[in-house]
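Below you'll find the structure, written out as structure tokens, and then a few comments.
The values are calculated or read from the model by the stated rules, or taken from the named source; none is laboratory data. Predicted, not measured: the structure shown is a model, and the values here were computed from it. Cβ coordinates were reconstructed from backbone atoms using ideal geometry, including for glycine residues, and neighbour counts include every protein chain displayed. Accessible surface areas use protein heavy atoms only, side chains included; no ligands, DNA or RNA. Shrake-Rupley method; radii C 1.70, N 1.55, O 1.52, S 1.80 Å.
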Amino acid sequence: MSTAKKEYKRVTVKSLVEMKKNGEKISMLTAYDYSMAKIVDAANVDVILVGDSASNVMAGHETTLPITLDQMIYHATSVVTAVKRALIVVDIPFGSYQSDPKEALRSAIRIMKESGAHAIKLEGGIEIKESVKRILNAGIPVMGHLGLTPQSIYKFGTYTVRAKEEEEAKKLIDDAQLLEKLGCFGIVLEKIPAKLTKKVSEGLTIPTIGIGAGKYADGQVLVIHDLLGMTHEFNPRFLRRYMNLYEDMGNAISRYVTDVKNKDFPSDEEQY
Ligand code: KIV
């Protein structure tokens, strides 16, 4: 039997379901700007999420709540310009879909039309059923997001692991089944026990993408700034850092400052 993976010139929502069926894990990472998205795409990441985590890592807010729809569209447009292969999913930000399904559809249409992205993501289960239906009916692919949903952080009160108790775990399973039934193409599971991820993932044909949800998810997602070690004060157990850019960039910038101060930069060769 061949173990060669199928090559995807352009990843689509269908490719992701196919990857799950073939037992191929899905890689997903965030990006918010042209230069980073170009690097992420060239490294063959399957899905690029223009996450509302831009509110934290790009704008410096404490939560994802302040970022606006216009700002998300700005980030998404830059990413779309850079990307050739990955599927691009964009978060609908807090306050742009919760009040009614028509508003949700209007926001989703703005993202798709103005940025050129391929799909949207929203947080929640049964509470947003009508919005999901309406967006899907307009032909826009929808990704769900269950478990720790950062737009509800003030309701939860903490960023600790969700769905440890039976009642919440049962609701999460029901919500995941509902999102699949409605027609979502995938679900992000954030910060839930690995055993629950296994149960949810095995009960679905659409892929689950985990962040702090353990090894049984059909794919993994991280915030790019965390993976690269730019956010050095954020140290959750689930995070694997592949670089320590906070330190490396700081050192490089300090060397530049020293070179300028010492009149060592620019040299004769570095001028016209
Ligand atoms: O906004 C984001 O980056 C996300 C991921 C944490 C899944 O939603």
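Can you compute 3J(HN,Hα) from phi for each residue in region 201-217, using the Karplus curve 6.51 cos²θ - 1.76 cosθ + 1.60 with θ = phi - 60°, rounded to whole Hz and x for Gly and Pro?
Going residue by residue, I get 5, 5, x, 10, 9, 7, x, 9, 10, x, 9, x, 10, x, 7, 8, 5 Hz, with x marking Gly and Pro.
Return the tail of the calculated pair distribution for region 1-122, meaning the percent of Cα-Cα pairs more than 16 Å apart.
61
Write down the Kirkwood hydrodynamic radius of region 141-213, to one decimal in angstroms, obtained as one divided by the mean of 1/r over all alpha carbon pairs.
Computed over Cα pairs of region 141-213, the Kirkwood hydrodynamic radius comes out at 12.1 Å.
What is the calculated FRET efficiency for Arg240 to Ile153, with r their C-beta to C-beta distance and R₀ = 25 Å, to the nearest 0.05?
Result of the calculation: an efficiency of 0.60.
Add +1 for every Lys or Arg and -1 for every Asp or Glu among the other residues with Cβ under 15 Å from the Cβ of Lys6, and state the total.
+4
Provide Rg over Rh for region 1-56; use the alpha carbon set for both Rg and the Kirkwood Rh (inverse mean inverse pair distance).
Across region 1-56, the Cα-based Rg/Rh ratio is 1.04.
In whole Å, what three semi-axes, largest first, describe the equivalent ellipsoid of region 64-116 built from its Cα gyration tensor (square root of 5 times each eigenvalue)?
Square roots of five times the eigenvalues give 21, 12, 8 Å.
Using a cut-off of 14 Å between beta-carbons, work out the net charge of the residues near Ser152 (Lys and Arg +1, Asp and Glu -1, Ser152 not included).
So the surrounding residues net to -3.
Among the listed pairs Lys84/Lys133; Lys5/Lys38; Lys102/Lys191; Lys20/Lys198; Lys9/Lys38; Lys102/Lys198, which have their C-alpha atoms separated by more than 25 angstrom in this model?
Beyond 25 Å between Cα atoms: Lys84/Lys133; Lys102/Lys191; Lys102/Lys198.
Give the residue from Thr77, Ile92, Gly186 lying farthest towards the positive end of the charge dipole for the chain; charges sit on Cβ (+1 for Lys and Arg, -1 for Asp and Glu) and the dipole is referred to the Cα centre.
Gly186
Is it possible to state the helix-based mean residue ellipticity at 222 nm for the chain, with each DSSP H run of 4+ residues giving -39500 (n - 2.57), the sum divided by total residues, to the nearest 500 deg cm²/dmol? What is it?
Calculated mean residue ellipticity at 222 nm is -12000 deg cm²/dmol.
Asp100 accessible area, nearest 10 Å², 1.4 Å probe?
60
Could you work out the relative contact order of region 72-145, using alpha carbon pairs under 8 angstrom and six or more residues apart, expressed as a whole percent?
34
I want the local charge near Glu202. Using Cβ-Cβ distances under 14 Å, sum +1 for each Lys or Arg and -1 for each Asp or Glu among the other residues.
+4
Give the dimensionless ratio obtained when the Cα radius of gyration of the chain is divided by 2.2 N^0.38 Å.
Rg over 2.2 N^0.38 Å, computed on Cα atoms: 1.07.
Sort the following peptides by mean Cβ neighbour count (other Cβ atoms within 10 Å, averaged over residues), highest first: 252-262, 153-163.
153-163, 252-262
Taking 1 over the mean of 1/r across every pair of different Cα atoms in region 132-258, what Kirkwood radius in Å do you get?
For region 132-258, the Kirkwood estimate is 16.3 Å.
Quick check: the distance between the Cα centres of region 212-272 and region 1-79, to the nearest angstrom?
Distance between centres, Cα-based: 19 Å.
Go through Leu245, Asn22, Thr208 and say which Cα lies farthest out towards the positive end of the charge dipole of the chain; charges sit on Cβ, +1 for Lys and Arg, -1 for Asp and Glu.
It is Asn22.
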